[in-house]
Amino acid sequence: LKFPPKVTNGPLVLPKLWDLLPGLQNLQHLDLEKSKIGDKGAEKLADALVTLSSLEILNLSQNCIGDEGVKKLALTFKELPKLHCLSLYSNVISDEGAESLA
């Protein structure tokens, strides 16, 4: 599932996505690059990701996700046994946030 970066994406479309994700248990690839998620969106996404046990690839690059958001996501990643590819480049994650991913 990929949302192309357009003006219509971002904070306005994200609530719809949070509602859709729990019904997509077989989803393997989720690309949310440049979706303007931020920390609050990352926290909501983390809650929605718990149901995606088939997820293998997750792209959250260029989303202004900081330490608080990545810490919440890191807890969820432990519940995703098939996740093997995670992209978080060009976010605002410090060493503290990165440590939560270790």
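The values are calculated or read from the model by the stated rules, or taken from the named source; none is laboratory data. Keep in mind that this is a model prediction, so the values were computed, not measured. As a convention, Cβ positions derive from the backbone with ideal geometry for all residues, glycine included, and neighbour counts pool all protein chains shown.
Assess whether GLY10 counts as being of a type in the set (Gly, Ala, Ser), surrounded by 13 or more Cβ atoms within 10 Å (Cβ to Cβ), at pLDDT below 95 and in contact with a Leu (Cβ under 7 Å, 6 or more places away or on another chain). When the stated conditions are applied, GLY10 does not pass them. If the condition is being surrounded by 17 or more Cβ atoms within 10 Å (Cβ to Cβ) and either part of a helix (DSSP H, G or I) or in contact with a His (Cβ under 8 Å, 6 or more places away or on another chain) (or both), then region 89-102 contributes only GLY97. Among the numbered conditions (1) out of contact with any strand residue (DSSP E or B) (no Cβ under 7 Å at 6 or more places or on another chain); (2) at pLDDT 95 or above; (3) surrounded by 17 or more Cβ atoms within 10 Å (Cβ to Cβ), the only one that ASN26 does not meet is (3). Cβ separations smaller than 9 Å between residues 6+ apart or across chains give no pair from region 28-55 residues that are closer than 13 Å to LEU86 by Cβ and without any contact (Cβ under 8 Å) to a residue 24 or more places away in the chain to residues that are in a helix (DSSP H, G or I) and aliphatic (A, V, I, L, M).
Please determine whether any residue of region 44-55 is touching a His at 6+ places or on another chain (Cβ under 9 Å), surrounded by 14 or more Cβ atoms within 10 Å (Cβ to Cβ) and either closer than 21 Å to GLY23 by Cα or of a type in the set (Val, Ile, Thr) (or both).
yes
With respect to the conditions (1) exposed (fewer than 14 other Cβ atoms within 10 Å of the Cβ); (2) touching a helix residue (DSSP H, G or I) at 6+ places or on another chain (Cβ under 7 Å), GLY66 lacks only one, and its number is (1).
Picking from residues in region 56-80 that are in a helix (DSSP H, G or I) and in contact with a Ser or Thr (Cβ under 7 Å, 6 or more places away or on another chain), the one that is farthest from LEU17 (Cα to Cα) is ASP67. LEU86 falls short on exactly one of the conditions (1) within 21 Å of LEU24 (Cβ to Cβ); (2) in a loop (DSSP other than H, G, I, E, B), and that condition is (2).
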